[in-house]
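The structure appears right after this line, and notes come after that.
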Amino acid sequence: MQIGIDSFAAAIQDPETGTTISPTERLNNLLEEIELADQVGLDVFGVGEHHRPEFLDSAPTIILAAAAARTKNIRLSSAVTVLSAADPVRVFQEFATLDLISQGRAEIVAGRGSFTEAYPLFGLKLEDYDDLFVEKLDLLLKIRDNKTVNWSGKHRPALTGQGIYPRPLQEEMPIWLGVGGTPQSFARAGFLGLPLMVAIIGGQPHRFRPLIDLYREAGSRAGHAPEKLKVGLHMLGFLGDTTQEAADTFYPGYAVSFSNIGKERGWPPTTRAQYDATRGKTGAFLIGDAETVVEKILYTNEALGGISRLDFQMTVATLPHAKMMKAIEILGTEVTPAVRKELGTGA
């Protein structure tokens, strides 16, 4: 199992004082976090894409390219690329360039995003949400598999044999399909034989088992080998020396973030009781000391029939840089080796 971290490059604000660190300092801290993740042996670091004032990741490939120059082994991924609102030609060119800079460590997680600001920003209609994604995913895969492309669609001018350059170092640059909870998305990933990245940000992970089974069944029916049908998870998590310390550190920023999102989407305010319940054995939060989190990972892996990758999302909470660095260190030096030992795998 690969273990890594996803970051949304959230602007860090103290929940008590309201003080926000400068964007320059925040991005420098993020690069230090990616560098440490590489040093402690984590497998992957993903950077999201948002177009909102509380995030600094509207150009994730630039952040990842800066990280590539400071790292040696860790894979560098989007988390996710908002493909519906992007030009697949430019997406491929940017990640192919990242792949060359990183010497073959780039990956794309293509999704539709959980916010809608990108659509009007780039002159697109939100009602075309799904149609845009399906069409652009088709084009992105064709570009990956062919140096010259003949393609036509509804939402972008046709390609009539143009070459798409540069080409990546990897013979086939990984493209994962990022999904939420719709059966159609899981089945689409299986039919295409794409690795699946499932965002589980609440509730109980075992409830996703029928959808993951649907993905594997659709992939099998389409003739894809089982080993090609990888399942990754994007889950909220944080580590500390004790479970109580981790829980108390993560909660204030988490509550602010999700309560603010809730105001936009009509959710009730976040409560500590709900948070603590989701930290329980069958809940979706991977929050605690190393032993607690290892046990939770193993439970989740079994409940979902085996997973290939698990990415911790720590930056939905406004955490001090020193706390983030400590959590990354624990994840790399204590949690990851213990999980691999229990599963009897080296990765």
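Relative to the first principal axis of the alpha-carbon coordinates of the chain, what is the inclination of helix 183-192, with its axis defined by its Cα atoms, in degrees from 0 to 90 and to the nearest 10?
The angle comes out at about 50 degrees.
For the stretch 159-250, what is the accessible area per residue in Å², given a 1.4 Å probe and the full set of protein chains?
Solvent-accessible surface per residue comes out at 45 Å².
Determine the order of ILE175, ILE62, ILE101 by accessible area, beginning with the largest, at a probe radius of 1.4 Å.
The ordering from most to least exposed comes out as ILE62, ILE101, ILE175.
Taking all pairs of distinct Cα atoms, average 1/r, flip it, and tell me the Kirkwood hydrodynamic radius of the stretch 278-317 in Å to one decimal place.
Its Kirkwood hydrodynamic radius stands at 10.7 Å.
Taking the Cα atoms of the chain, what is the range of coordinates along each of the three principal axes, in descending order and whole Å?
That works out to 59, 43, 42 Å along the principal axes.
How many times 2.2 N^0.38 Å is the alpha carbon radius of gyration of the stretch 178-245?
1.30
For the stretch 86-152, treating each Cα as an identical point scatterer without solvent, what Debye log10 I(q)/I(0) comes out at q = 0.12 1/Å?
-0.36
Order the peptides 254-264, 322-332, 159-169 from the highest to the lowest mean number of other Cβ atoms within 10 Å of their residues.
Ranked by mean Cβ neighbours within 10 Å, highest first: 322-332, 254-264, 159-169.
What three numbers, in Å, describe the spread of the alpha carbons of the stretch 17-72 along their principal axes, ordered from the longest?
Result, largest extent first: 34, 24, 16 Å.
Using only Cα atoms, tell me the angle between helix 321-330 and the longest principal axis of the chain; keep it within 0 to 90° and round to the nearest 10.
80
Scale the Cα Rg of the stretch 1-150 by the rule-of-thumb value 2.2 N^0.38 Å and send over the ratio, two decimals.
1.09
Taking only Cα atoms, what is the 0 to 90° angle, nearest 10, from helix 129-145's long axis to the longest principal axis of the chain?
So the inclination is approximately 70 degrees.
Taking one equal scatterer on every alpha-carbon of the stretch 162-295, how large is log10 of I(q)/I(0) by Debye at q = 0.09, 0.12, 0.15, 0.20 1/Å?
Rounded to two decimals, the profile gives -0.38, -0.64, -0.86, -1.10.
Summing Lys, Arg as +1 and Asp, Glu as -1, what charge do residues with Cβ under 15 Å from the Cβ of GLY163 carry, GLY163 excluded?
Around GLY163, the charge tally is +4.
Counting only Cα, what are the radius of gyration and maximum Cα-Cα distance Dmax of the stretch 68-218, in Å?
When restricted to the Cα atoms of the stretch 68-218, Rg and Dmax are 15.9, 47 Å.
Test of understanding: express the Cα radius of gyration of the stretch 223-300 as a ratio to 2.2 N^0.38 Å, with N the residue count.
In units of the globular-protein estimate, the stretch 223-300 measures up at 1.33.
Where Rh is the Kirkwood radius over the Cα pairs of the stretch 113-191, the temperature 25 °C and the viscosity 0.890 mPa s, what D in µm²/s does Stokes-Einstein return?
169
Taking the Cα atoms of the stretch 231-347, report the difference between the largest and smallest coordinate on each principal axis, in whole Å and largest first.
44, 32, 20 Å, listed from the longest principal axis down.
Roughly what would the spin-label model give for ASP213 and LEU31, points 7 Å off Cα along C-beta, in nm?
4.8
Over the chain, with every protein chain in place, what whole percent of the accessible area is carbon and sulfur at 1.4 Å, could you tell me?
C and S fraction of accessible area: 53 percent.
The values are calculated or read from the model by the stated rules, or taken from the named source; none is laboratory data. These figures come from a predicted structure and were not determined experimentally. As a convention, Cβ positions derive from the backbone with ideal geometry for all residues, glycine included, and neighbour counts pool all protein chains shown. We work out accessible area using only protein heavy atoms, side chains counted, and drop any ligands, DNA or RNA first. Shrake-Rupley method; radii C 1.70, N 1.55, O 1.52, S 1.80 Å.
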